[in-house]
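Inspection log for the structure reproduced underneath, given as structure tokens.
The values are calculated or read from the model by the stated rules, or taken from the named source; none is laboratory data. Please read all numbers here as calculations on a predicted model, not as lab measurements. Neighbour counts run over all protein chains shown; Cβ positions are idealised from the backbone, glycine included. The accessibility values were calculated without ligands, DNA or RNA, using every heavy atom of the protein model including side chains. Shrake-Rupley method; radii C 1.70, N 1.55, O 1.52, S 1.80 Å.
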Amino acid sequence: MTLHIDIPEETMSGILAKAFRNTAFVTGFVITVLILAMALVSYVWTPYDVTKLVIADKTQGPSLAHWFGTDHFGRDILSMIMVGARNSIAVALVAVGIGMGVGVPLGAFAAARGGLIDEALMRVNDLVFAFPALLSAIMITAIFGPGAVNAIIAIGIFNIPVFARVARAGALAIWPREFILAARAAGKSRTQISIEHVLPNIATLLLVQGTIQFALGILAEAGLSYLGLGAQPPMPSWGRMLFDAQTRMVVAPWMAIFPGMAIVITVLGLNLLGDGIADILDPKSRRQR
Amino acid sequence: MSLLEIENLSLTIGDTQILKGMELSVAPGEVMGLVGESGSGKSMTALTVMRLLPYAARASGRVSFDGIDILAATEDQMCALRGDDVGMVFQEPMTALNPVKTIGEQVAEGIRWHTKATRAGAEERARRMLDRVGLPQAKFPLSRYPHELSGGQRQRVVIAIACALKPKLLIADEPTTALDVVLQAQILDLLRDLVAESRMGLLLISHDLAVVTEMADRITILRRGEVMEAGDTARTLSEQLHPYTRQLAQASTHVPARARPHDTSQGKPLLQVEGVTRDYPGRRTSLFKRAVPIRAVDDVSLSMQPGQSVALVGRSGCGKSTLARMILALDKPSSGAIRFRGETTTGKSEAELKPARRDMQVVFQDPYGSFDPRQKVEKLVAEPLHVLDKKPTRAERREMVAHALHEVGLDQRDMDKYPHEFSGGQRQRLSIARAIITRPKLVVADEPVSALDVSIRAQILDLFAELNQKLGIAYLFITHDLTVARAITDQVLVMHDGKIVERGKTNEVLDHPQSEAAKALVAAAPDLHRAIARRMQEQG
């Protein structure tokens, strides 16, 4: 059929207009911004000092003074969640950064070279992928000692193969296109073509994968600190708070409910954001409404 | 009585008017040709008849098929019609078939759905239908998958699906545009026979006036959603009363004015290809047997003089694009040597190739795919400047891009636009601007006009001819379209199964082909004048 319905390349204002009609995107965006704001505010102000123990106020239920209650040391749970958000986001963000920073060039390189190099790189990639990520992260932190930095490295390493795969798959679809051939005929090297033509064309793909990995990173960080392998006390973290709450579930359920909610809402928000971005940027997923 | 009658049909999608007061009718056993350039609303007319329009489309007017008011029919009524009484053949046989289902399943699907036949009964009928369209049991069992078939064979399957239930009306939307001329002639023959056999009405949609003239009893010429002229094919096209009809007819047989071809008998050749062969690894049939390589290009030698315009013609899959890529040093020959300006280009590194790259450029077929959608024209057209020894400054670069755009008839302000802001013809101009910006000695053009409308095509051919005269650029035109070869080249090479089977002066080869391959190409090529003459003769 000669139905050349030209899909116009989006203008910035067009994308924004569409973004605001997309419920998933708006919800995810609002949640993410709120969590980020909370983390940032915690640097300058929290309702209470999270390192100060006030035994007199221990295990109090939610009240006007302590909205989310206090833990078994009398620390304000809202304040701890705010500071914990900072920690979770930092770990997940840097881990995604490591994954992207190493994985994307690796994947793009493999796609550009092809042949044996591609094969070898991707098989090593598969090998890393085959380890259960959390288990290996536990191994790494067990060897090098617990702490936020080691958690970042551990989660980061297991983000590499994800991004390498996505980047390679995206790049492989771009390489046979005619404009790449034209660039080659113009004498550009493979590296140059990868940077100038391939990466901009797979950027949206990576952006979507990035938000998803970000959510997974937050979960992984929570898991590691729950096991005591993440950020160390007195630095509060969501996973650690859940661990502390575990034995007091019956007497102080708020100690588990609020950090748990924080994790769920953050992950949900990021996933919605990722879905929303994918919907908005992918012309194929556009529906007639 | 007419089978299909369209009266005063108007169609809008969003705020865009697609069709305006469209009139058309098809009688049983009649072939109606619907001609127009892209965007004229041909496909939308077909989709209206099938009621397969996009959601945002609003149609008004009257469309009646066999006494049924199509625009008022319920979805259930339409489902009963589609595939049973109205069949449709699409342009792209690659995407019109489901890749994960066998051809037998796909042909039988419609039969089972509409006739409630048993699986065995439906397969039996599917088998007979595939035999009828020229896919016999022995070579094409029902269990074949679409990817195991060639383009022409797939189009036969699509036709088998459309005709399986002996529809009263068949709509064929550019059924042969994606095929080479020889396959096109075969598919058109098949359609003609099927129409004659079962007194089917055929609505043939095409941008190719010659194809429609050969096939259609009556013709409707559409432009921007309005019928320009309609009537008996032979009379309409021989009299050419309407100016637009005349314009279309002239554009489809357009030959650019060219001064005397360059004297090419002496001097050092620009390009020499010597005994070049390219093998691709074949598919392994067994773990222990070595795969038999597929030979795409087989011992090809040719030479081109500076300023010469050469056509490389052949059917699809004959190896012409592979040869072009090797000439452009984008692919390596398995054996043989390619010399450009006396220097060997085979086996050189990208850095050593830089001087050669400056002097050879390429124009691709698809004006939509040959530009990175995320870059602006300035960067895209300037891309080959990268091979210059001295990197131009930003101002110099803009100057050169502006000059190149001017040479291809575009405005220099266009350089800050993105490719999607241009039409197909304009993009092909951009493509040419990109190719000539380094003042190359050779431009390889791979089917540069086959994706364009006839009037745009005429303009682009003119541009090629003009640049050849003005800048002395040698062209290697790769095409399956002989009118293009005739219009713009001095020499022609005919390629078949990886070998060059015939070569010589363009007019001589095309008028008196010697080899089988060349004869087949010439015989199958649709020719407007010939088709009109034949039509007139038939009617006496």
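Based on C-alpha coordinates, I'd like the Rg and Dmax of the protein assembly as shown, in Å.
32.8, 113
Looking at B:Leu47, B:Leu135, B:Gln91, which one has the Cα that reaches farthest to the positive end of the dipole of segment B:1-151 (charges on Cβ: Lys, Arg +1; Asp, Glu -1)?
B:Leu135
What are the ³J(HN,Hα) values, in whole Hz, obtained from phi via the Karplus relation 6.51 cos²θ - 1.76 cosθ + 1.60 with θ = phi - 60°, for each residue of segment B:519-535 in sequence order, with x given for Gly and Pro?
4, 4, 4, 5, 5, 7, 5, x, 9, 4, 4, 4, 5, 5, 4, 5, 4
Looking at segment A:116-190, which trypsin sites (Lys or Arg not before Pro) are DSSP coil and have at most 11 other C-beta atoms within 10 Å of their C-beta? Before the final figure, lay out each step's value.
Details: sites: A:Arg123, A:Arg165, A:Arg168, A:Arg177, A:Arg184, A:Lys188, A:Arg190; in loops: A:Arg177, A:Lys188.
When the trypsin sites (Lys or Arg not before Pro) of segment A:116-190 are filtered for loop state and at most 11 Cβ neighbours within 10 Å, nothing remains.
Between segment B:68-128 and segment B:1-66, what is the separation of their alpha carbon centroids in Å?
Here the answer is 21 Å between Cα centres.
Classify segment B:119-278 as rounded, prolate or oblate, taking a ≥ b ≥ c as the square roots of the eigenvalues of its Cα gyration tensor: rounded when a/c is under 1.5, otherwise prolate if a/b is larger than b/c and oblate if not.
It comes out oblate by the Cα gyration axes.
What size of dipole, in debye to the nearest 20, comes out for segment B:150-200 about its Cα centre when the only charges are +1 on Lys and Arg C-beta atoms and -1 on Asp and Glu C-beta atoms?
Using Cβ point charges on Lys, Arg, Asp and Glu, segment B:150-200 gives about 240 debye.
If amide H atoms are built 1.01 Å from N in the plane of the peptide, which residues on other chains or at least 5 residues away come under 5 Å of the amide H of B:Gly87?
B:Leu169, B:Leu170, B:Ile171
Using only protein heavy atoms and a 1.4 Å probe, how much accessible area in total is buried between A and B, to the nearest 100 Å²?
It comes to approximately 2900 Å² buried between A and B.
Please report the accessible area of B:Asp453 (heavy atoms, 1.4 Å probe, ligands and nucleic acids excluded) in Å², nearest 10.
30
Not counting ligands, DNA or RNA, and with a 1.4 Å probe, what is B:His512's accessible surface area in Å² rounded to the nearest 10?
Using a 1.4 Å probe on the heavy atoms, I get roughly 120 Å².
Taking square-rooted eigenvalues a ≥ b ≥ c of the alpha carbon gyration tensor, is segment A:1-147 rounded, prolate or oblate, where a/c under 1.5 means rounded and, failing that, a/b exceeding b/c means prolate?
Oblate.
Would you tell me the mean number of C-beta atoms belonging to other protein chains that fall within 10 Å of each C-beta in A:174-180, as a whole number?
Working: counts 1, 0, 1, 6, 12, 14, 3.
Taking the mean over all residues of the peptide, I get 5.
With every protein chain present, what accessible area does A:Ile195 have (1.4 Å probe, heavy atoms only), rounded to the nearest 10 Å²?
110
Take the alpha-carbon centre of segment B:163-229, take the same for segment B:474-540, and report the distance between them in whole Å.
The two parts, judged by their Cα centres, are 23 Å apart.
Please go through segment B:347-426 and write out the trypsin sites (Lys or Arg not before Pro) that DSSP classes as loop and that have at most 10 other C-beta atoms within 10 Å.
Qualifying residues, ordered by number: B:Lys390.
Tell me, what ³J(HN,Hα) does each residue in segment B:171-176 have, in order and in whole Hz, if you take phi through Karplus 6.51 cos²θ - 1.76 cosθ + 1.60 with θ = phi - 60° and put x for Gly and Pro?
Values per residue, Gly and Pro as x: 9, 10, 9, 6, x, 10 Hz.
Amide H to amide H, which residues 5 or more places from B:Ser334 or on other chains are under 5 Å from it, using H placed in the peptide plane?
B:Thr277, B:Arg278, B:Asp279
Compute the Cα gyration tensor for segment B:10-84, then decide on rounded, prolate or oblate, letting a ≥ b ≥ c be the square roots of its eigenvalues: rounded whenever a/c is under 1.5, prolate when a/b is larger than b/c in the other cases, and oblate in all that remain. Could you put the intermediate results ahead of the total?
On the way: a/c = 1.82, a/b = 1.15, b/c = 1.59.
Verdict is oblate for segment B:10-84.
To the nearest 500 deg cm²/dmol, what mean residue ellipticity at 222 nm is calculated for the protein assembly as shown from DSSP H runs of n ≥ 4 alone, each contributing -39,500 (n - 2.57), summed and divided by the residues?
Using -39500 (n - 2.57) per qualifying helix, the result is -15500 deg cm²/dmol.
To the nearest whole number, what is the average tally of beta carbon atoms from other chains within 10 Å of the beta carbons of peptide B:371-383?
Mean inter-chain Cβ contacts per residue within 10 Å come to 4.
Report, by chain and number, residues whose modeled amide H sits under 5 Å from the one on B:Leu493, excluding near sequence neighbours (fewer than 5 apart, same chain).
Amide H neighbours of B:Leu493: B:Ala311, B:Leu312, B:Val313.
Quick one, what does Rg over Rh come out to for segment A:169-289 if you take C-alpha atoms and the Kirkwood Rh? It would help to have the intermediate numbers written out before the result.
Working: Rg = 21.9 Å, Rh = 17.8 Å.
Result: Rg/Rh = 1.23.
Taking the Cα centre of segment B:439-489 as the origin, how large is its charge dipole in debye, to the nearest 20, when only Lys and Arg (+1) and Asp and Glu (-1) carry charge on their Cβ atoms? Present the calculation step by step, with values, prior to reporting the outcome.
On the way: 5 positive and 6 negative charges, 56 e Å.
Roughly 260 debye for segment B:439-489.
Taking the C-alpha atoms of segment A:20-284, how large are the radius of gyration and the largest Cα-Cα span, Dmax, in Å?
21.6, 76
Charges at C-beta only: +1 for Lys and Arg, -1 for Asp and Glu. How large is the resulting dipole of segment B:271-526 about its Cα centre, in Debye rounded to 20?
Roughly 820 debye for segment B:271-526.
Taking a 1.4 Å probe, which of B:Ile456, B:Ile111 shows the most accessible area, and what order do the others take after it?
From most exposed to least exposed: B:Ile456, B:Ile111.
To check my understanding: the extent here is largest minus smallest coordinate of the Cα atoms along each principal axis. What are those three numbers for segment B:271-526, in Å, largest first?
57, 42, 36
Probe radius 1.4 Å, ligands and nucleic acids left out: which of A:Leu36, A:Leu93, B:Leu461 has the largest accessible area, and how do the rest follow?
Largest to smallest exposure gives the sequence A:Leu93, A:Leu36, B:Leu461.
For chain B, what is the convex hull volume of the alpha-carbon atoms per residue, in Å³?
Convex hull of Cα atoms, per residue: 179 Å³.
Apply the Karplus curve 6.51 cos²θ - 1.76 cosθ + 1.60, θ = phi - 60°, to the phi angles in segment B:67-72 and return the couplings in whole Hz, x for Gly and Pro.
Ordered by residue, 3J(HN,Hα) equals x, 9, 7, 5, 5, 9 Hz.
Evaluate segment B:4-252: find the radius of gyration of its Cα atoms, find its Kirkwood radius, and give the ratio Rg to Rh.
0.97
At a 1.4 Å probe radius, which order do B:Cys79, B:Cys163 fall into by accessible area, largest first?
Largest accessible area first, the residues go B:Cys79, B:Cys163.
Which of the listed residues, B:Met495, B:Ala524, B:Ile338, is farthest toward the dipole's positive end in segment B:271-526, when Lys, Arg count +1 and Asp, Glu count -1 at the beta-carbon?
B:Ile338
Taking the mean number of other Cβ atoms within 10 Å as a proxy for protection, how do you rank B:309-318, A:196-205 from highest to lowest?
By packing density, highest mean first, the sequence is B:309-318, A:196-205.
Charges on Cβ only, +1 for Lys and Arg, -1 for Asp and Glu, centred on the Cα centroid of the protein assembly as shown; of B:Leu203, A:Thr27, B:Ala435, which one is farthest towards the dipole's positive end?
The residue sitting farthest along the positive end of the dipole is B:Ala435.
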